[in-house]
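Mind looking over this structure? Questions follow.
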Amino acid sequence: MTDIEIQQAQPEDVEVLRKTAIAAKSYWNYPDYLIQQWSQTPIITPDSLHNDIVYAARIGSLIIGWYRLLVRLPAVVLEDLWVLPDYIGKGIGRKLFEHAIEQAQLSGADHLELDADPNAAPFYMRMGCHPVGERISEWGRAIPHMVYDLRIQKTTSDR
Ligand SMILES: CC(C)(COP(=O)(O)OP(=O)(O)OC[C@H]1O[C@@H](n2cnc3c(N)ncnc32)[C@H](O)[C@@H]1OP(=O)(O)O)[C@@H](O)C(=O)NCCC(=O)NCCS
């Protein structure tokens, strides 16, 4: 896809980022009550834009995906990565992930970690992440805890 720009998210984007995350999570057909419960949480706040690394992918003025990194040296945590359902499977997740890796490397971290939605784990494996254990999610289920080594020089497009 062309004409995609990845730019730092702005405070006025917060509501759209929230809606994008809810739409993306719903892609996996979870029960409505779980999505509803989660929708009641802040998901992303203006403070987070100040404290964390938050970038959005846009086509023109339309936000089609976004990610958030929490810098917790020596780690960086990929706390969010969401693509709008209409754009899933078109390379946007890869673009955002590779952008996040560059930002994580700039932060001085030696590894990136994340707790993966089980449906997204194959995507993260494809991006070069490795499962190193499990965590219990807010929904009480075991989900993969994954790591990406930032010290390797290869990019995720080296296969
Ligand atoms: C997970 C998510 C971010 C991936 O983004 P995406 O735009 O669909 O992924 P891409 O199209 O960029 O795929 C990148 C690569 O991963 C592979 N991939 C993506 N999803 C895959 C899957 N479920 N199984 C196997 N491979 C997968 C693609 O084939 C592609 O490979 P290639 O670039 O070598 O051809 C997106 O599907 C999404 O937002 N899902 C719903 C919300 C979610 O689960 N977010 C993650 C929370 S932890």
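The values are calculated or read from the model by the stated rules, or taken from the named source; none is laboratory data. As the structure is a prediction and not an experimental result, all values here were calculated from the model. Cβ atoms come from the backbone with ideal geometry, glycine included; neighbour counts cover every protein chain shown. Surface areas here come from the heavy atoms of the whole protein model, side chains and all, with no ligands, DNA or RNA. Shrake-Rupley method; radii C 1.70, N 1.55, O 1.52, S 1.80 Å.
Quote the FRET efficiency, to the nearest 0.05, computed for E12 versus I59 with a Förster distance R0 of 22 Å and r equal to the Cβ-Cβ distance. Could the numbers behind the result be given before it?
Working: r = 18 Å, r/R0 = 0.80.
Efficiency for this residue pair is about 0.80.
Describe numerically, in nm with one decimal, the distance between label points set 7 Å from Cα along Cα→Cβ at E102 and at E134.
Inter-label distance under the simple model: 3.7 nm.
Now a separate question. Once you list every other residue whose beta carbon is under 13 Å from the beta carbon of L73, what net charge do they have if Lys and Arg are +1 and Asp and Glu are -1? Before the final figure, lay out each step's value.
On the way: positive: R72; negative: D110, E113.
Around L73, the charge tally is -1.
Of the accessible area of the chain, with the probe set at 1.4 angstrom, what percent is carbon plus sulfur? Spell out each step's value before the answer.
Details: 4340 of 8720 Å².
Carbon with sulfur: 50 percent of the solvent-accessible area.
Can you tell me the Rg and the Dmax, both Å, for the Cα atoms in segment 1-72?
In order Rg, Dmax, the Cα atoms of segment 1-72 give 12.9, 36 Å.
Hey, got the Cα dimensions of the chain along the principal axes, in Å, largest first?
40, 38, 30
Kindly provide log₁₀ I(q)/I(0) values, in the same order as q = 0.10, 0.24 Å⁻¹, from the Debye equation applied to equal alpha-carbon scatterers of segment 68-159.
Debye curve over Cα of segment 68-159, log10 I(q)/I(0) at q = 0.10, 0.24 Å⁻¹: -0.24, -1.36.
7 Å from Cα along Cα→Cβ at both Q40 and K19: what's the point-to-point distance in nm?
If labels sit at Q40 and K19, their model points lie 2.2 nm apart.
How about segment 22-64: which chymotrypsin sites (Phe, Trp or Tyr not before Pro) there lie in a loop by DSSP and see at most 13 other Cβ atoms within 10 Å? Walk me through the intermediate numbers first.
Working: sites: Y27, W28, Y33, W38, Y55; in loops: Y27, W28.
Of the chymotrypsin sites (Phe, Trp or Tyr not before Pro), the ones in loops of segment 22-64 whose Cβ has at most 13 other Cβ atoms within 10 Å are W28.
Run the numbers for H50 and R141: contour at 0.36 nm per residue of separation, minus the present Cα-Cα distance, in nm. Write out the running numbers ahead of the final one.
Working: separation 91, 0.36 × 91 = 32.76 nm, distance 3.09 nm.
That pair, H50 and R141, stretches by 29.7 nm at full extension.
Over the chain, average the accessible area per residue using a 1.4 Å probe and give it in Å², no decimals. Present the calculation step by step, with values, prior to reporting the outcome.
Values: 8720 Å² over 159 residues.
Spelled out: the 1.4 Å probe surface of the chain, per residue, equals 55 Å².
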